[in-house]
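The values are calculated or read from the model by the stated rules, or taken from the named source; none is laboratory data. Worth saying up front: this structure is predicted, and the values here are computed from it rather than measured. For neighbour counting, all protein chains shown are included, and Cβ atoms are generated from backbone atoms with ideal geometry for every residue, glycine included.
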Amino acid sequence: MSLSNNMNYPLELSLTKSYEENRGNIYTSPHPSISLARKNGIEDFKKIGLPTTKLEKWRTTNLSDLYKKEFTIGDNKPVFNKEINEIFHCNVHGFNTNVFALLNGWYYSPEEEQIQELDNGIIVGSINAAQKKYPELIDKYFNSLAKTDGNGLNAANAALFTDGFFIHVPDNVVSEKAIQLIKMVNRENNTMINTRNLIVLGKNSKLSFLHCDDSINQQPGFLTTNTEIFLHENASLDLYKLQNLNNNTTLVNSSCVQQKSGSDLKINVLTFNGGVIRNEFIVDLIGENANADISGMYLMDDNQHVDNQIKVIHSAPNCTSSELFKGVLDDNASGVFNGYIYVARDAQKTLAFQRNANILMKSTASIDTMPFLEIYADDVKCSHGATVGQLDNDALFYLMQRGISESNAKLLLMYAFVTEVTNKITIQPLQDSIDDMVKKRLRGDLSICEKCVLHCSTPDIPVEFEIDMSKI
Amino acid sequence: MLLNIKDLHVSIHGKEILKGFNLSVNYGEVHAIMGPNGTGKSTLAAAITGREGYEITSGEIIYKGKNIIDLAPDVRANEGIFLSFQYPVEIPGVSITNFMRTALNAKREFMGEAPIPAGEFLKRMEEKKKLVDIQSKLTNRSVNEGFSGGEKKKNEIFQMAMLEPTFAVLDETDSGLDIDALKVVANGVNALRSEDNAFVVITHYQRLLDYIVPDFVHVMYDGRIVKSGGKGLALELEEKGYDWIKDYDVNR
């Protein structure tokens, strides 16, 4: 095997080596088309290497220090020896949810439940298991949206993912229970975990999906997740992403969504903590009267970095989209918002809005915000805007004149600033939990490691989330 | 004496606005401060409440026997100083209920008291809302967000009623009010008047003083008080305007 000149970083070498060494075991896919995709992925990766700041899309997110570190790539499948509800017990009142888990990049369940059909016909489980049991669904959807797109991490993910989460909601099924995926990593060394998800919503179906990324220790990690989401005619998906990772962890998410006519997508990305977090969403509105509402909130401090890359493609007429991202950055934290709206020539009567607002608490914090419109249709209504500022001094004085201390007044204003995003959460108990987390995060007492993010809500309820590390 | 301001000089960005301001206020008194635009009335309110950017170059503000010029705004507030803002600030995302509870508990903590029990707090809210004729739905909304001019001013008086200050400055509380709202606001203030507190009412017009009857009226011009008198002075000003004041020799 010869390596091209692009393989400069230790991580690039480890990734190609890991593929060569393990393609016979953990990188073996039951489905031939996926095996092929893995092979193509590694070939692409060898050509382009890991993304650096030389690429326009990565100009403001520099991962080169990370690429120099030694990582264990992937992990073996953990043995399931403890019931999921013994590991964590959800205690949020009135929040009706089915909980599933990925542990160290693998779907965590008893062997016979690696993929299962719920009472309402929804199929949930491991993407690997789905390849065996539902090859026709894999044929139809898998890898049809995700593209390397010049991004070596996408290529590496395609080649080196271990497992991932699969959801299929049949036509006309409205899920009353939300589906919650808790993605946990508890490795004791530097580990890179690559996962791959596929979510398909049939015609007229409806689902709320909560995707939580949690660290359960302080070990460094590098996580990549690629997700493909298909919304058929009139389908409706509420997607919540909760990110509460330790400061040594880098998370790179890439999600591609395809929306058919009349479908409705709501995404809420809630970034509470993490070393480097990058969220990329590419949403393609291919059917008429589809709507995409993408919002996010980030609360960063220390040397944390958050990067939200949102691309909405209006391919069909009469669609609407809106983007609202708000964040508070403190200390040396840095942020990036790249919002891109593309309106194709035929996409008349498009309504597309975009807004990014930031508060910088210190002069050492920074944000790169790049709202961007590219419009080829002539009968559209589009707007974009970005603000970067400090807390409103008039408001601060007003609160202090009523006796509220400066530090509490600042907390109250930061909290108030992001409620515009958190108020979009339609599941009330979830909104209450998130509200509570925002307050805790701003006060500096949000624990990131020993609790699932959802379980630290309502203070009068004891937290009952425990992981016995010795037994996993 | 509750408040004694002695030879106060205040500058903004190096420009002197208050030029030797003197005022004494006793418990139980209401003082009106009138005067043309730009004479330093709002600067006085800012100096008393400790707003950033207002530099006190000399003089003292003695409140309850202590010079307060080095105290932070929140400490002054908790000591019982309240300002009804000329332009109340909109704070989206903070409900009035949450705001008032936080403020009230800050004061109680300052006084070494336990936080107010929820039931007692709600009872107090209801009671004080009636005082200024505030609709219930307003207190669930964000502070001042989308409020009309009248609602904002009523909300100021409502907050004053909730916090029960010892010394309150009402900075042009009458501006932007129709006559009905003016009466409501004035009735609210009158209901709070007692022997244990005092008010300074800053206004351009005599009209407010028909409803909040002051014990003293002061006329400010060019950074100091140039004439003081009883409530009759306000009527004289209404009749003559401010021009004659400008020629008034303060040292005569």
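Descriptive notes on the structure:
- Among residues of the stretch A:45-68, those that are of a type in the set (A, V, I, L, M) and either surrounded by fewer than 17 Cβ atoms within 10 Å (Cβ to Cβ) or part of a loop (DSSP other than H, G, I, E, B) (or both), counted: 3
- Residues located in the stretch A:175-226, provided they are closer than 15 Å to A:VAL276 by Cα and acidic (Asp, Glu): A:ASP213, A:ASP214
- Within the stretch B:25-32, not a single residue is β-branched (Val, Ile, Thr), within 28 Å of B:ALA191 (Cα to Cα) and out of contact with any Phe, Trp or Tyr (no Cβ under 8 Å at 6 or more places or on another chain).
- Options B:ALA32, B:ALA45, B:ALA77, B:ALA72; residue that is closer than 14 Å to B:PHE199 by Cα and within 14 Å of chain A (Cβ to nearest Cβ): B:ALA45
- The stretch B:1-80 holds strands (runs of 3 or more DSSP E) entirely within its bounds, and those carrying 2 or more residues that are surrounded by fewer than 19 Cβ atoms within 10 Å (Cβ to Cβ) map to B:3-12, B:15-25, B:55-63.
- Looking only at residues of the stretch A:220-234 that are within 26 Å of A:ASN190 (Cα to Cα) and within 16 Å of the chain's Cα centre (by Cα), we find that the one that is surrounded by the most Cβ atoms within 10 Å (Cβ to Cβ) is A:ASN226.
- Subset of the stretch A:194-253 [under 17 Å from A:PHE100 (Cβ atoms) and β-branched (Val, Ile, Thr)]: A:THR195, A:ILE199, A:VAL200, A:ILE216, A:THR225, A:THR227, A:ILE229
- Filter result for B:LYS107 (more than 8 Å from chain A (Cβ to nearest Cβ) and part of a helix (DSSP H, G or I)): no
- Of everything in the stretch A:389-407 that is more than 23 Å from B:GLY80 (Cβ to Cβ) and touching a residue at least 12 places away in the same chain (Cβ under 8 Å), the residue that is surrounded by the fewest Cβ atoms within 10 Å (Cβ to Cβ) is A:GLY389.
- For the stretch A:308-337, the tally of residues that are surrounded by 24 or more Cβ atoms within 10 Å (Cβ to Cβ) and touching a Ser or Thr at 6+ places or on another chain (Cβ under 9 Å) stands at 12.
- Residues (over 25 Å from the mean Cα position of the chain (by Cα), part of a helix (DSSP H, G or I) and within 20 Å of A:SER126 (Cα to Cα)) located in the stretch A:12-34: A:ASN22, A:PRO32, A:SER33
- The number of residues in the stretch A:176-217 that are among the β-branched types (Val, Ile, Thr) and at pLDDT below 85 comes to 2.
- Annotation: B:ILE116 fulfils all but one of (1) among the β-branched types (Val, Ile, Thr); (2) over 21 Å from B:ALA198 (Cβ atoms); (3) within 11 Å of another protein chain (Cβ to nearest Cβ); the unmet one is (3).
- Residue-level check: of (1) within 9 Å of another protein chain (Cβ to nearest Cβ); (2) in a helix (DSSP H, G or I); (3) of a type outside the set (Phe, Trp, Tyr), B:LEU83 misses just (2).
- Pick from the stretch B:52-69, criterion in contact with a strand residue (DSSP E or B) (Cβ under 9 Å, 6 or more places away or on another chain) and either within 14 Å of another protein chain (Cβ to nearest Cβ) or of a type in the set (Lys, Arg) (or both), ranking: farthest from B:GLY14 (Cα to Cα): B:LYS64
- From the list A:LEU399, A:LEU412, the one residue that fits, being facing another protein chain (nearest Cβ under 7 Å) and part of a helix (DSSP H, G or I), is A:LEU412.
- Each residue in the stretch A:369-396 was checked for being touching an Asp or Glu at 6+ places or on another chain (Cβ under 9 Å) and either of a type in the set (A, V, I, L, M, F, W, C) or more than 10 Å from chain B (Cβ to nearest Cβ) (or both), and 6 pass.
- Some residue of the stretch A:359-368 being at pLDDT 95 or above, within 30 Å of the chain's Cα centre (by Cα), within 14 Å of chain B (Cβ to nearest Cβ) and part of a strand (DSSP E or B): yes
- In the stretch B:151-165, the residues that are within 11 Å of chain A (Cβ to nearest Cβ) reach residues that are in a helix (DSSP H, G or I) and among the small types (Gly, Ala, Ser) with C-beta atoms within less than 7 angstrom, at least six apart or across chains, in these pairs: B:LEU163/B:ALA103.
- Residue within the stretch B:131-147 that is out of contact with any strand residue (DSSP E or B) (no Cβ under 7 Å at 6 or more places or on another chain), among the hydrophobic types (A, V, I, L, M, F, W, C) and part of a helix (DSSP H, G or I) present: yes
- Leading residue by the ranking (surrounded by the fewest Cβ atoms within 10 Å (Cβ to Cβ)) among those in the stretch B:86-104 that are facing another protein chain (nearest Cβ under 10 Å) and part of a helix (DSSP H, G or I): B:ASN98
- Put simply, of A:GLY202, A:GLY150 the only residue that is over 18 Å from the mean Cα position of the chain (by Cα) and surrounded by 19 or more Cβ atoms within 10 Å (Cβ to Cβ) is A:GLY202.
- Qualifying positions in the stretch A:235-257 - within 18 Å of A:ASN268 (Cβ to Cβ), among the hydroxyl-bearing types (Ser, Thr, Tyr) and more than 12 Å from the chain's Cα centre (by Cα): A:SER236
- Scan of the stretch A:416-436 for residues that are touching a residue at least 24 places away in the same chain (Cβ under 8 Å), within 13 Å of chain B (Cβ to nearest Cβ) and of a type in the set (A, V, I, L, M, F, W, C), ordered by number: A:PHE417, A:VAL418, A:VAL421
- Among the residues of this structure, A:GLY94 counts as one that is modelled with pLDDT under 85, surrounded by fewer than 17 Cβ atoms within 10 Å (Cβ to Cβ) and on the phi > 0 side of the Ramachandran plot.
- Of the residues making up the stretch A:256-269, those that are crowded, with 22+ Cβ neighbours inside 10 Å and not hydroxyl-bearing (Ser, Thr, Tyr) are A:VAL257, A:GLN258, A:GLN259, A:LEU265, A:ILE267, A:ASN268, A:VAL269.
- Selection within the stretch A:235-255 - outside any strand (DSSP E or B) and either in contact with a Ser or Thr (Cβ under 6 Å, 6 or more places away or on another chain) or buried (at least 22 other Cβ atoms within 10 Å of the Cβ) (or both): A:ALA235, A:LEU245, A:ASN246
- Residue selected from the stretch A:285-300 under the condition touching a residue at least 40 places away in the same chain (Cβ under 8 Å) and surrounded by fewer than 22 Cβ atoms within 10 Å (Cβ to Cβ), by the criterion farthest from A:THR369 (Cα to Cα): A:GLY287
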